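Right, one structure below, let's go through it.
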Amino acid sequence: VAALLAQSWNMDLIQKCGDIVGKEMEEFHISVWLAPGMNIHRNPLCGRNFEYYSEDPLVAGMCAAADTRGIQSHAGIGTSIKHFAANNQEDNRMYVNENISERAMREIYLKGFEIAVKTAQPMTIMSSYNLVNGVHTANSHDLLTAAARDEWGFAGYVMTDWGTQYDPAAALHTQVDMMMPGADADRDAVLTGLTDGSITPAEVRRAAARVLTLIEQSLTAKL
């Protein structure tokens, strides 16, 4: 598990473990691994601490980057670093509002993701369930567009976590490309948005292009 890998302090070992995961993904014809989880060990009672690397953002970022490099050394296979961002508790994680200053966000809760994106360019990012300063992360322009894409140069697609409570129109504005698991309500909201003008065709085409690009490059497409 991630916490144990981080305790090794051995990035070469973690990259080798990623390579093992990549080989298994090839065997099972899986293109995207919904991992690694890399939120901060802020609360010792967080039910997924085993799945996250560390209480330290530098360690978390370096571990996730090493894992991603190992996995993505296999053509057509990639990671989905998650949960972006500040998903540091499991209790009420769909609705909890994390009130965090910009400095704390940048130095603690975003730093690991920044390191992973800049040094390993993961195939995808998964947004989190929680709100940050009153805004669902899937609707956060500051997180998904300004930070991940504009500042860090993230080039892949962004997906939501399963059944996230968000505004689909706002999600497209903030460059979410895939709304999971593809609920009828999300589809209907997008169609309504296209009709009333709250969503533009260009935003839909942008999201579709990123998803189709990944599919074209994926292991599954090559089989």
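The values are calculated or read from the model by the stated rules, or taken from the named source; none is laboratory data. Predicted, not measured: the structure shown is a model, and the values here were computed from it. In this analysis, Cβ positions are derived from the backbone assuming ideal geometry, glycine residues included, and neighbour counts consider all displayed protein chains. Only protein heavy atoms, including side chains, enter the accessible area calculation; ligands, DNA and RNA are left aside. Shrake-Rupley method; radii C 1.70, N 1.55, O 1.52, S 1.80 Å.
Considering the values (1) -0.51; (2) -0.64; (3) -0.34, which represents log10 I(q)/I(0) by the Debye sum over Cα atoms at q = 0.09 Å⁻¹ as calculated for the structure under consideration? Working out log10 I(q)/I(0) by the Debye sum over Cα atoms at q = 0.09 Å⁻¹ from the coordinates points to (3). The solvent-accessible area of Arg187, taken with every protein chain present and a 1.4 Å probe, is close to 130 Å². Can you find, among Val132, Ile71, Ser101, the residue sitting farthest towards the positive end of the charge dipole of the chain, where Lys and Arg contribute +1 and Asp and Glu -1 at Cβ? Towards the positive end, the residue furthest out is Ile71.
Accessible area per residue was computed with a 1.4 Å probe on protein heavy atoms; Thr174 scores about 10 Å². Thr68 contributes about 0 Å² of solvent-accessible surface, heavy atoms of the protein only, 1.4 Å probe.
Using θ = phi - 60° in the Karplus curve 6.51 cos²θ - 1.76 cosθ + 1.60, the 3J(HN,Hα) couplings for segment 22-30 round to x, 5, 5, 4, 4, 5, 9, 6, 10 Hz; x is entered for Gly and Pro.
Annotation: the antiparallel percentage among DSSP beta bridges lying fully within the chain is about 15. For segment 71-194, the Cβ-based charge dipole about the Cα centre amounts to some 340 debye (Lys, Arg positive; Asp, Glu negative; other atoms uncharged).
Between Phe28 and Val1, the modelled label-to-label distance comes to 1.8 nm, taking each label 7 Å out from Cα in the direction of the beta carbon. Rounded to the nearest 20 debye, the dipole size of the chain about its Cα centre is 360 debye, using +1 on the Cβ of Lys and Arg and -1 on the Cβ of Asp and Glu.
Compare Ala183, Ala138, Ala170 in a GNM of the chain, Cα atoms joined below 10 Å, and give the one with the largest fluctuation. Fluctuation is largest for Ala183. Scalar couplings 3J(HN,Hα) for segment 147-157, obtained by applying the Karplus form with A = 6.51, B = -1.76, C = 1.60 to θ = phi - 60°, are 7, 4, 8, 6, 7, 8, x, 5, 10, x, 10 Hz; x denotes Gly and Pro. Spacing of the modelled spin labels on Asn43 and Leu191, each 7 Å from Cα toward Cβ, amounts to 3.9 nm.
For segment 136-178, chymotrypsin sites (Phe, Trp or Tyr not before Pro) are listed when DSSP marks them as loop and at most 15 other Cβ atoms sit within 10 Å of their Cβ; the list is Trp162. Take every pair of alpha-carbon atoms less than 8 Å apart whose residues are at least six positions apart; their mean separation over the length of the chain yields a relative contact order of 18 percent. Segment 177-212 and segment 86-164 have Cα centres spaced 20 Å apart.
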